[in-house]
1. Would you check which residues across segment 36-74 are part of a loop (DSSP other than H, G, I, E, B), more than 21 Å from the chain's Cα centre (by Cα) and not polar (S, T, N, Q) and list them?
2. For segment 275-285, name all the residues that are over 19 Å from VAL170 (Cβ atoms) and either touching an Asp or Glu at 6+ places or on another chain (Cβ under 8 Å) or not charged (D, E, K, R) (or both).
3. Kindly indicate the residue of segment 168-183 that is part of a loop (DSSP other than H, G, I, E, B) and β-branched (Val, Ile, Thr) and also nearest to ligand 2 (Cβ to nearest atom) among those meeting that condition.
4. GLU282 is checked against (1) under 30 Å from GLU205 (Cβ atoms); (2) over 17 Å from the mean Cα position of the chain (by Cα); (3) of a type in the set (Asp, Glu) and fails just one. What number does that condition carry?
5. Which of the residues belonging to segment 124-138 are within 11 Å of ligand 1 (Cβ to nearest atom) and in a loop (DSSP other than H, G, I, E, B)?
6. Can you tell me which residue in segment 97-123 is farthest from ligand 1 (Cβ to nearest atom), limited to those that are aliphatic (A, V, I, L, M) and outside any helix (DSSP H, G or I)?
7. Which number in (1) surrounded by 18 or more Cβ atoms within 10 Å (Cβ to Cβ); (2) in contact with a strand residue (DSSP E or B) (Cβ under 8 Å, 6 or more places away or on another chain) marks the one condition that GLN117 misses?
8. May I ask you to say which residue of PRO218, PRO202, PRO255, PRO237 is closer than 25 Å to LEU92 by Cα and either at pLDDT below 95 or acidic (Asp, Glu) (or both)?
Amino acid sequence: MNTKLTQSPTLAARYIAHGEVVAFPTETVYGLGANLFNESAIRKIFEAKGRPTDNPLIAHIAELDQLRSIAREVPPIAQTLVDAFFPGPLTLVLPKHEQIPLIATAGLNTIGVRMPQHPIARQFLTACGMPLVAPSANLSGRPSPTTWQAVREDLNGRIACILKGDPAKVGLESTVVDCTGKAPVILRAGGVTLEQLREVLPETEIANPGHAEAPKSPGMKYRHYSPDARVVISIFPQFTAPVGDSAYIGIDPPPRLDGFKKFLLCREVAEYAHALFQFFRECDEEGIQTIFCQAVQEKGLGLALMDRIRRAAHE
Ligand code: AMP
Ligand code: MG
């Protein structure tokens, strides 16, 4: 398949209308979209990514009234989060409308819904005129793509079209919050922080804190976000010493930075989160064997950042 590269949301939307899949920019990472109501188009997402079929997809909307065709009901806690955080990097898990094909939700009777903030994503969704389902636009198991070039690296020849945009602003995926119980539960940490959620709903909890196996979020059990290189979490950068062809990413420099073949020092956690996946990809391209990642405090965006680093380190 010849993968079309375009900057035109309307041209990209035509591929969706023809039942094809299209990669598009969002503020979190690049997504791989298909018509939410077209089973065979959705199947192409799983095929292109090599995604296990028991890993549900997130519905993406441009307008709030599209929620009614996706969710059977919007409980009051979900409405509060919609009012506070839509559009933005937050996915709400809601009871699913019966018209949604089960392939989209991997057989679950709930569905994750998000309204992206990114102007090109919004233009594209509006041009499609329908909600899309979209996971991250990478091969399953690889670091999520934060640039269109990273999408092309993984999916060239496997998808119909890539809608080009700028590098993703957040660089980590959306926060997934289960809204089907009494209190909101974070199933995956992401771009909207626990602290921000607790400002509007103080009862917000985290599922299995610090651990990957939230049974309500099947996707979290899979190996994720991994470069080919070995990832090592560096708790005390002052003790971190390079081993073989190694790289370092963090905020504080280790004492022997010159021994690293590649390094990136970030000013703060948001910049670190923004850079991580791209850094992983560059390390693989450059044949790095070990990547040392400085541990950060698990507050604010640091919670999502440490979650991704731990998964990459297989901890
Ligand atoms: P991705 O689209 O690649 O960022 O992955 C989507 C993530 O959201 C996976 O970890 C899924 O398990 C999670 N997710 C999507 N839909 C649901 C749902 N209905 N219930 C629980 N988790 C979900
Ligand atoms: Mg993904």
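1. Of everything in segment 36-74, those that are part of a loop (DSSP other than H, G, I, E, B), more than 21 Å from the chain's Cα centre (by Cα) and not polar (S, T, N, Q) turn out to be PHE37, ARG72, GLU73, VAL74.
2. CYS283, ASP284
3. VAL170
4. So GLU282 meets the others, but not (1).
5. Within segment 124-138, ALA134, PRO135, ALA137, ASN138 qualify.
6. Start the filter on segment 97-123 by keeping residues that are aliphatic (A, V, I, L, M), which leaves 100, 102-104, 106, 108, 111, 113, 115, 120-121.
Filter again for outside any helix (DSSP H, G or I), leaving 100, 106, 108, 111, 113, 115.
Details: ILE100: 10, ALA106: 8, LEU108: 5, ILE111: 5, VAL113: 9, MET115: 15 Å.
It comes out as MET115.
7. Condition (2) is where GLN117 drops out.
8. Values: PRO202 fails: either at pLDDT below 95 or acidic (Asp, Glu) (or both); PRO255 fails: closer than 25 Å to LEU92 by Cα; PRO237 fails: closer than 25 Å to LEU92 by Cα.
Selected residue: PRO218, the only one of PRO218, PRO202, PRO255, PRO237 that is closer than 25 Å to LEU92 by Cα and either at pLDDT below 95 or acidic (Asp, Glu) (or both).
The values are calculated or read from the model by the stated rules, or taken from the named source; none is laboratory data. Only a predicted model underlies this, so the values are computations on that prediction, with no experimental measurement involved. With ideal geometry, Cβ positions are generated from the backbone for all residues, glycine too; neighbour counts draw on all protein chains shown.
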